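First the structure, in the form of structure tokens, and then the observations on it.
Here, each number is a calculation from the coordinates, and none is a lab measurement. Treat the numbers as computed from the prediction; the structure is a model and nothing was measured. Here the Cβ positions follow ideal geometry from the backbone for every residue, glycine too, while neighbour counts run over all protein chains shown.
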Amino acid sequence: MLPGFCLYTLFMIVPLFTAVGYSFFDWSGVGPKVFSGLKNYRNLFTDPRLSAFFWNALGNNFRFVFVALFIVIPIQLGLAYLFDIKIKGYRFFQTVIFLPYVVSTTIIGFLSIMVFDPNLGLLNELFEFVGKEVWKSSWFGDTKRAFGILSMVICWQGIAAGMLIFAANLKEIPREVLEAALIDGAGGFRRFFGIILPYLVPSITNNIVLGTIWGLTIFDIPYIVGGPQGGVNNSMDFMNLFFYRFAFGGSYYGETSMGFGAAISVVLFVIILAVALVQLAFLRKLERKY
């Protein structure tokens with residue numbers, strides 16, 4: 001067990017220190033490295049063009065974290081509870097929710113394009129068929145709607161993961177406690193908030209941490225739907241897309257810069273670490289309370 005843990009730690013630490021080292025160099029990934037000190041970090045925060053990309057991408061990440069924590073988690077909890085009490089047709093709804101979770105991310109991205117494509121998309125075709133051409137839109141091409149639609153697609157794919165955690169936690173609640181509350185006359189509302197919810201604190205804390213990491217590291221569907229540029233006017237840009245674009249996509253003033261990409265990855269790591277530490281401090285207090 002100990003050798004395995006040490007090996008895992010080594011695999012985690014070595015790439016981190018390597019990225020920190022690369023971030024102090026001007027380097028395209030090929031050829032000699034030229035030491036540049038803090039230049040990459042200065043450019044990230046002070047260069048008007050680069051810092052605009054950075055703050056826009058980071059802002060989109062935190063917007064999605066907000067969606068994950070305050071919209072997705074309550075939906076996951078509600079669905080897990082409804083399935084636990086076996087509402088009518090719950091097996092059908094389980095299939096609908098779990099299907100995108102087990103399907104390839106590439107397919108999910110492709111299907112979303114087929115639905116929201118402005119020219120061939122099924123949604124615009126439907127509006128035209130019912131005579132509501134005024135409702136047609138460019139969808140992912142609309143900078144005011146793109147982020148919301150993308151978030152909906154991502155959440156549809158990922159909602160099942162957290163729901164599984166809640167469902168497993170619900171199975172651990174002693175049924176005799178719920179039955180005793182029912183005999184004492186406690187209604188569904190009181191049983192849920194007085195008994196069930198306190199039992200779910202461990203899974204709530206897990207989903208909060210996982211949802212935050214999910215929101216800060218998202219890459220695949222935004223890349224498939226919006227491309228490496230993050231859609232029109234970078235409306236669907238995220239930090240991992242920003243990193244990919246500059247480290248591998250030749251967007252550092254026309255050339256690839258592995259050094260600048262490493263600086264982005266280091267800054268993102270520090271942000272995730274800081275957010276995680278704050279969350280853990282808060283969540284530990286919450287768990288001790290319950």
Q: Could you pull out the longest piece of the chain with no exposed loop trypsin sites (Lys or Arg not before Pro) in it, calling a site exposed if DSSP puts it outside H, G, I, E, B and it has at most 14 other Cβ atoms within 10 Å?
A: 145-290
Q. Can you give the translational diffusion coefficient of the range 17-82 in µm²/s, computed by Stokes-Einstein from the Kirkwood radius over Cα pairs at 37 °C and 0.692 mPa s?
A. 218
Q: Treat each spin label as a single point 7 Å out from the Cα along the C-beta direction, and report the L38 to V201 distance in nm.
A: 4.3
**Q.** Residue-by-residue Karplus 3J(HN,Hα) for the range 215-228, coefficients 6.51, -1.76, 1.60, Hz, glycine and proline x
**A.** x, 8, 10, 5, 8, 4, 5, x, 5, 5, 7, x, x, x
(Q) For a quick check: with amide H placed at 1.01 Å from N, whose amide H comes under 5 Å from F25's, ignoring anything fewer than 5 positions away on the same chain? (A) S36
Q.
Taking R0 as 41 Å, what FRET efficiency do you get between I271 and F92 from their Cβ-Cβ distance, rounded to the nearest 0.05?
A. 0.50
Q | Under 29 Å between alpha carbons - lysine pairs in the chain that sit 8 or more apart or on different chains | A | 6
Q: Take the eigenvalues of the Cα gyration tensor for the range 1-153, scale each by 5, and report the square roots as semi-axes in whole Å, largest first.
A: 41, 28, 15
Q) If you average 1/r over all unlike Cα pairs in the range 139-250 and invert the result, what Kirkwood radius do you get in angstrom? A) 16.8
Q | Stretch gain in nm, segment F192-F127, where the contour uses 0.36 nm per residue and the Cα spacing is subtracted | A | 19.3 nm
Q.
Are there any GluC sites (Glu not before Pro) in the range 30-134 that are in a DSSP loop and have at most 16 other Cβ atoms within 10 Å? List them by number.
A. none
Q: Bin width 10 Å, alpha-carbon pairs only: give the P(r) of the chain as whole percents, running from 0 to the bin holding the largest distance.
A: 6, 21, 27, 24, 15, 6, 1, 0
Q) How far, in nm, would the chain grow between D47 and T143 when pulled straight, counting 0.36 nm per residue and subtracting the alpha carbon separation? A) 32.2 nm
Q: Extending each Cα 7 Å along its Cβ direction at K171 and I213, get the distance between those two points in nm, one decimal.
A: 2.2
Q | Crossing angle, helix 2-22 versus the chain [Cα axis fit, 0-90 degrees, rounded to tens] | A | 40
Q) In sequence order, what are the phi-derived ³J(HN,Hα) couplings for the range 159-171 according to the Karplus relation 6.51 cos²θ - 1.76 cosθ + 1.60 with θ = phi - 60°, rounded to whole Hz, with x for glycine and proline? A) 5, 5, 4, x, 5, 4, 5, 5, 4, 5, 5, 4, 5
**Q.** Förster radius 22 Å - calculated FRET efficiency between T105 and L164, Cβ distance, rounded to 0.05
**A.** 0.80
Q | Approximate spin-label separation D220-V30, in nm, with each point projected 7 Å along Cα-to-Cβ | A | 3.0
Q: Choose one of G231, F269, T18: the residue whose Cα lies farthest towards the positive end of the charge dipole of the chain (beta-carbon charges +1 Lys, Arg; -1 Asp, Glu; about the Cα centre).
A: F269
